[in-house]
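Peer 1: The structure's right below; bear with me while I get my questions together.
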Amino acid sequence: MKTITIIGGGIIGMTLAVYLDPTQYEVTVVDQHIGQATSASAGIISPWLSKRRNKKWYHLAQDGAAFFEKLVKDFALDRRIYAPSGTLILRPEEELLALAALAESRKKAAPEIGEIQLLNRTQTKQALPLLKARPTLFISGGGRLDGRAYLLHIREIAKQRNVQFIEGKAMIQKYSGSWDVLVNGQSLHSDILCLTAGPGVHGLLAPLGYQVDVRPQKGQLLSFATPFKTDDWPVAMLAGEGDLIPFANGNILLGATHENDAKWDLTPTQAAKQQLMTGIHDFLEEPNLLYQTPLSFRVGTRAYTSDFAPFFGDVSGQGILYAASGLGSSGLTTGPYIGYLLASSFNQSGQQRADFSQYSKPVSDYVRKISPSSH
Ligand SMILES: Cc1cc2nc3c(=O)[nH]c(=O)nc-3n(C[C@H](O)[C@H](O)[C@H](O)COP(=O)(O)OP(=O)(O)OC[C@H]3O[C@@H](n4cnc5c(N)ncnc54)[C@H](O)[C@@H]3O)c2cc1C
């Protein structure tokens, strides 16, 4: 039996932990529960109409979205956690036809896009009554994931599979036949180390002589506790930074900001509130119906790389040190699949080294050894 320590209990780390074969691995997850992107996130799973040109990223996001069917079955996720509620795309009317054509062409490789329908003004209002009557594009396969509820649910399943949890900030000390990780003043030894700590991967690897191309990005969103029956409302995707994400029980999220200069700051700001409300204002029939309901902030730290693409895989080339980070704004879509791919490669250890090149550039493009030290 080998021991694996996973540093970072967000969506990648937890999905990885729960897919690892408990007959092969003793698994420990260390998480400091600060700034976590997963539990702050908006929850939109709908990558197909992205204008990003990075083909590897699109391939990963497409397969990540398709993976939800398996994820829902494997862990019995109910609609409170993941709901295929559909997405409404709000764009100027003259762009909708071209977007519908793009959706049709992408559906050939991604049937999970589902039904693609141009909605007229009345149909849009019926689908999401808070919006002004306007033509929109509806994609039935889009979904919403409650990141926080997902982690709580997966944690219970992981416990049943003997995964151990430690709360605290981890530091990697050294490698001498096994890894020595310091948490809460105690040493933890393990054969394999997986770093799924978002932008924290940088600080964890620096003492080992690595430079990591990953930075923190602050994201803020607003959460409204409304009296509306939102359970079956679709997600509304706007062109700017003001997507509207209805969850169950009247909860509606509005977000999110992308703040590159805020580093690790987690303070909610009035400027963000203003920006988000201004962004959505013209799309709402009566904005005060939303604005007058009780409101709270959610703030998290995303990880992003120079080319805004994620990386994951074997850092050491020796099967003992792995990292996955840089998921940016689409990590709820790609994160579970990355966790699954990593777990599958561990569960098949001894076989050929896993090849993730269809999904991302080599890890060595993002994680570089700059000074000699152990591994
Ligand atoms: C406001 C916001 C809205 C978003 N909306 C969407 C969306 O609509 N759709 C979508 O697909 N994605 C969205 N995302 C992106 C998505 O949430 C992230 O990309 C994804 O959750 C990242 O997961 P992760 O597991 O890599 O990292 P995280 O969830 O950030 O988890 C990393 C964990 O590592 C811990 N950690 C760090 N360093 C250490 C250490 N030294 N010791 C112990 N623990 C450590 C952190 O505390 C954290 O808990 C959003 C993100 C934000 C912030």
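The values are calculated or read from the model by the stated rules, or taken from the named source; none is laboratory data. Keep in mind that this is a model prediction, so the values were computed, not measured. Here Cβ is always computed from backbone atoms with ideal geometry, including for glycine, and neighbour counts include all displayed protein chains.
Peer 1: Restricting the search to the stretch 239-248, which residues are of a type outside the set (Asp, Glu) and touching a residue at least 60 places away in the same chain (Cβ under 8 Å)?
Peer 2: Within the stretch 239-248, 239, 244, 245, 246, 247, 248 qualify.
Peer 1: Spot the failing condition for residue 38; the list is (1) under 18 Å from residue 194 (Cβ atoms); (2) not in a helix (DSSP H, G or I), and only one is missed.
Peer 2: (2) is the only condition that residue 38 fails.
Peer 1: If you check 354, 323, 309, which single one turns out to be in contact with a helix residue (DSSP H, G or I) (Cβ under 7 Å, 6 or more places away or on another chain), more than 10 Å from the ligand (Cβ to nearest atom), over 25 Å from residue 215 (Cβ atoms) and not polar (S, T, N, Q)?
Peer 2: Only one candidate qualifies: 354.
Peer 1: Identify the single condition in (1) part of a strand (DSSP E or B); (2) surrounded by fewer than 20 Cβ atoms within 10 Å (Cβ to Cβ) that residue 231 does not satisfy, given that it satisfies every other one.
Peer 2: Failing condition for residue 231: (1).
Peer 1: Quick check on the stretch 14-49: of everything there that is of a type in the set (D, E, K, R) and more than 13 Å from the ligand (Cβ to nearest atom), which residue is nearest to the chain's Cα centre (by Cα)?
Peer 2: Out of the qualifying residues, it is 21.
Condition check ((1) near the ligand (Cβ under 9 Å from one of its atoms); (2) within 21 Å of residue 343 (Cβ to Cβ)) across all residues:
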residue: 151; (1), (2): yes, yes
residue: 159; (1), (2): no, yes
residue: 171; (1), (2): yes, no
residue: 177; (1), (2): no, no
residue: 192; (1), (2): no, yes
residue: 198; (1), (2): yes, yes
residue: 204; (1), (2): yes, yes
residue: 209; (1), (2): no, no
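Peer 1: Continuing with the same structure: Does residue 174 count as of a type in the set (Lys, Arg) and either on the phi > 0 side of the Ramachandran plot or not assigned by TED's automatic domain parsing to the domain that holds residue 329 (or both)?
Peer 2: no
Peer 1: Next up: Kindly indicate whether any position in the stretch 66-75 is of a type in the set (A, V, I, L, M, F, W, C), more than 23 Å from residue 155 (Cβ to Cβ) and in a helix (DSSP H, G or I).
Peer 2: yes
Peer 1: In the stretch 21-33, is there at least one residue being in a helix (DSSP H, G or I), buried (at least 16 other Cβ atoms within 10 Å of the Cβ) and either outside the structural domain of residue 265 (by TED's automatic domain parsing) or in contact with a strand residue (DSSP E or B) (Cβ under 9 Å, 6 or more places away or on another chain) (or both)?
Peer 2: No, the stretch 21-33 contains no residue that is in a helix (DSSP H, G or I), buried (at least 16 other Cβ atoms within 10 Å of the Cβ) and either outside the structural domain of residue 265 (by TED's automatic domain parsing) or in contact with a strand residue (DSSP E or B) (Cβ under 9 Å, 6 or more places away or on another chain) (or both).
Peer 1: Exactly one condition in (1) of a type outside the set (A, V, I, L, M); (2) under 20 Å from residue 16 (Cα atoms); (3) more than 8 Å from the ligand (Cβ to nearest atom); (4) touching a helix residue (DSSP H, G or I) at 6+ places or on another chain (Cβ under 9 Å) is false for residue 345; which is it?
Peer 2: (4)
Peer 1: For the stretch 289-306, name all the residues that are out of contact with any helix residue (DSSP H, G or I) (no Cβ under 7 Å at 6 or more places or on another chain) and assigned to a strand (DSSP E or B).
Peer 2: Result: 295, 296, 297.
Peer 1: So which of 105, 140, 187, 176 is surrounded by fewer than 16 Cβ atoms within 10 Å (Cβ to Cβ), touching a strand residue (DSSP E or B) at 6+ places or on another chain (Cβ under 8 Å) and hydroxyl-bearing (Ser, Thr, Tyr)?
Peer 2: Answer to the selection: 187.
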